[in-house]
């Protein structure tokens with residue numbers, strides 16, 4: 001969980017204008033670029049960008065090399081890594097191209113990355129517009145009774161600025177078979193024109209597909225093939241097209257050894273500890289030095305902008321974010337109370353100041369009896385050395401104690417808890433000549449299964465290594481907070 005800015009109203013207006021323009025076939029590249037700019041903020045808020053400046057600069061360098069081979073284009077291309085475990089890549093209108101950290105882990109050659117990026121550039125240049133979908137914000141919460149729901153929902157909207165059901169993911173409409181074929185052909189030509197072997201695209205597609213199959217037993221959110229439908233004949237079509245493309249190979253931005261060094265240290269697993277992790281129902285963030293325990297069995301969510309949980313039947317919701325306000329900490333409670341008084345006529349059922357360890361805190365509770373059922377609302381403001389937190393909780397009266405327990409569970413991490421935060425990390429190790437992959441995995445304590453190690457390194461799991469070479473592996477490592 002990191003904290004960033006997002007302009008929801010402008011995005012919704014642009015989204016409406018964009019879809020209307022698409023429907024009438026009247027849309028300019030300038031409109032596409034403006035919408036793409038706004039959508040890039042949503043990507044940052046819902047998925048988040050992966051924090052590795054060196055790796056991001058490398059991906060951008062490969063992307064800009066491809067852009068340099070384009071004919072005149074009205075688009076300004078941007079390349080970034082999204083903090084997503086599944087192997088994925090997507091583009092927004094206007095030229096924002098994203099690849100996931102999960103996809104980068106599958107790479108064994110720069111031409112593979114170039115093939116994927118060139119394909120996504122094709123979708124932009126050919127104007128295969130990606131569209132966002134998602135239900136309205138807080139649909140379940142807005143059905144709760146009472147005058148205070150509107151005030152709470154307004155504050156919640158300012159906090160999360162994303163559809164609750166869609167937070168953490170950007171849903172892109174699937175491309176048609178003809179669009180995929182056109183983007184494949186365009187990307188192959190662009191890769192070759194930029195000095196890359198166009199065989200990188202089919203190799204990347206094969207690696208991604210095998211990875212998705214291998215990971216199918218694990219929790220699955222999205223992959224490249226969710227928004228890029230494939231057919232049994234796609235790779236055959238690509239292979240046929242490649243035979244007619246002239247090659248003029250140039251040295252890559254990074255050799256295989258240099259690529260592996262860029263990937264060394266990549267956080268790989270479902271949870272990236274850079275954004276905090278869930279341990280059962282407790283959320284822990286080492287960089288911001290806090291933890292909070294959510295009610296058992298509630299559906300939890302962790303996005304770059306907020307962390308929260310919903311009661312399974314939609315009867316309660318809780319969210320925690322940083323406070324971005326011009327008000328001083330001791331003014332936050334007064335401002336909330338005045339706003340609630342003016343808009344609803346309600347006065348607090350409880351208000352107190354206290355300490356959470358060394359952190360000053362303010363708790364305000366409202367019990368709204370104006371509807372068919374009593375609704376309880378909690379607001380907690382906490383000032384830590386790292387950030388000022390706001391916790392908002394709202395639910396039917398029967399969930400009051402669960403909400404209260406969660407709100408008041410916010411506290412500083414203990415040294416033991418901080419040290420316990422770990423994650424899976426990509427590392428490099430040498431396989432010896434004549435060594436089997438199974439023997440290598442055991443010797444270096446690789447946590448990938450043999451088949452996944454083979455896929456991610458482009459080797460045969462059943463054969464002995466013909467020479468000593470560097471392979472990617474996975475290890476569990478403690479997360480050390482940045483700057484500490």
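Below is a table of values for the structure above.
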| read-out | value |
| --- | --- |
| Whichever residue in the stretch 412-424 is touching a residue at least 24 places away in the same chain (Cβ under 8 Å) and in a loop (DSSP other than H, G, I, E, B) and, among such residues, is farthest from the chain's Cα centre (by Cα) | 413 |
| Tally, over the stretch 35-58, of residues that are touching a helix residue (DSSP H, G or I) at 6+ places or on another chain (Cβ under 7 Å) and within 15 Å of residue 117 (Cβ to Cβ) | 2 |
| Members of the stretch 468-484 found to be surrounded by fewer than 20 Cβ atoms within 10 Å (Cβ to Cβ) and under 17 Å from residue 109 (Cβ atoms), listed by number | 469, 470 |
| Filtered residues of the stretch 26-61 (kept if under 28 Å from residue 265 (Cβ atoms) and without any contact (Cβ under 8 Å) to a residue 12 or more places away in the chain) | 53, 57 |
| Odd one out for residue 129, checked against (1) in contact with a helix residue (DSSP H, G or I) (Cβ under 7 Å, 6 or more places away or on another chain); (2) at pLDDT below 90; (3) in a helix (DSSP H, G or I) | (3) |
| Top-ranked residue of the stretch 267-286 - restricted to ones that are within 15 Å of the chain's Cα centre (by Cα) and over 21 Å from residue 305 (Cβ atoms), ranked as surrounded by the fewest Cβ atoms within 10 Å (Cβ to Cβ) | 269 |
| Qualifying position, being without any contact (Cβ under 8 Å) to a residue 60 or more places away in the chain, surrounded by fewer than 17 Cβ atoms within 10 Å (Cβ to Cβ) and either in a strand (DSSP E or B) or touching a strand residue (DSSP E or B) at 6+ places or on another chain (Cβ under 8 Å) (or both), among 445, 433 | 445 |
| Residues satisfying the stated conditions in the stretch 132-145, i.e. in a loop (DSSP other than H, G, I, E, B), touching a strand residue (DSSP E or B) at 6+ places or on another chain (Cβ under 9 Å) and at pLDDT below 75 | 133, 138, 140, 144 |
| Matching entry among 291, 211, 233, 243 (being closer than 30 Å to residue 416 by Cβ and either within 25 Å of the chain's Cα centre (by Cα) or not assigned by TED's automatic domain parsing to the domain that holds residue 427 (or both)) | 291 |
| Elements of type strands (runs of 3 or more DSSP E) contained in the stretch 294-411, each with 3 or more residues being without any contact (Cβ under 8 Å) to a residue 60 or more places away in the chain and either touching a strand residue (DSSP E or B) at 6+ places or on another chain (Cβ under 8 Å) or crowded, with 21+ Cβ neighbours inside 10 Å (or both) | 350-356, 359-368, 375-383 |
| Residue within the stretch 60-71 that is buried (at least 20 other Cβ atoms within 10 Å of the Cβ) and within 30 Å of residue 307 (Cβ to Cβ) present | no |
| Residue match in the stretch 275-284 (condition: outside any loop (DSSP other than H, G, I, E, B), touching a strand residue (DSSP E or B) at 6+ places or on another chain (Cβ under 6 Å) and more than 16 Å from residue 417 (Cα to Cα)) | no |
| Top-ranked residue of the stretch 179-199 - restricted to ones that are buried (at least 20 other Cβ atoms within 10 Å of the Cβ) and in a helix (DSSP H, G or I), ranked as farthest from the chain's Cα centre (by Cα) | 192 |
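Every residue, every condition in (1) over 24 Å from residue 158 (Cα atoms); (2) at pLDDT 95 or above; (3) in contact with a helix residue (DSSP H, G or I) (Cβ under 9 Å, 6 or more places away or on another chain); (4) not assigned by TED's automatic domain parsing to the domain that holds residue 364, yes or no:
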residue	(1), (2), (3), (4)
381	no, yes, yes, no
406	no, yes, no, no
428	yes, yes, yes, yes
432	yes, yes, yes, yes
448	yes, yes, yes, yes
453	yes, yes, yes, yes
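The values are calculated or read from the model by the stated rules, or taken from the named source; none is laboratory data. Remember, it's a predicted structure, so these values are computed and weren't measured experimentally. Note that each Cβ is placed from the backbone with ideal geometry, even for glycine, and that neighbours are counted across all protein chains shown.
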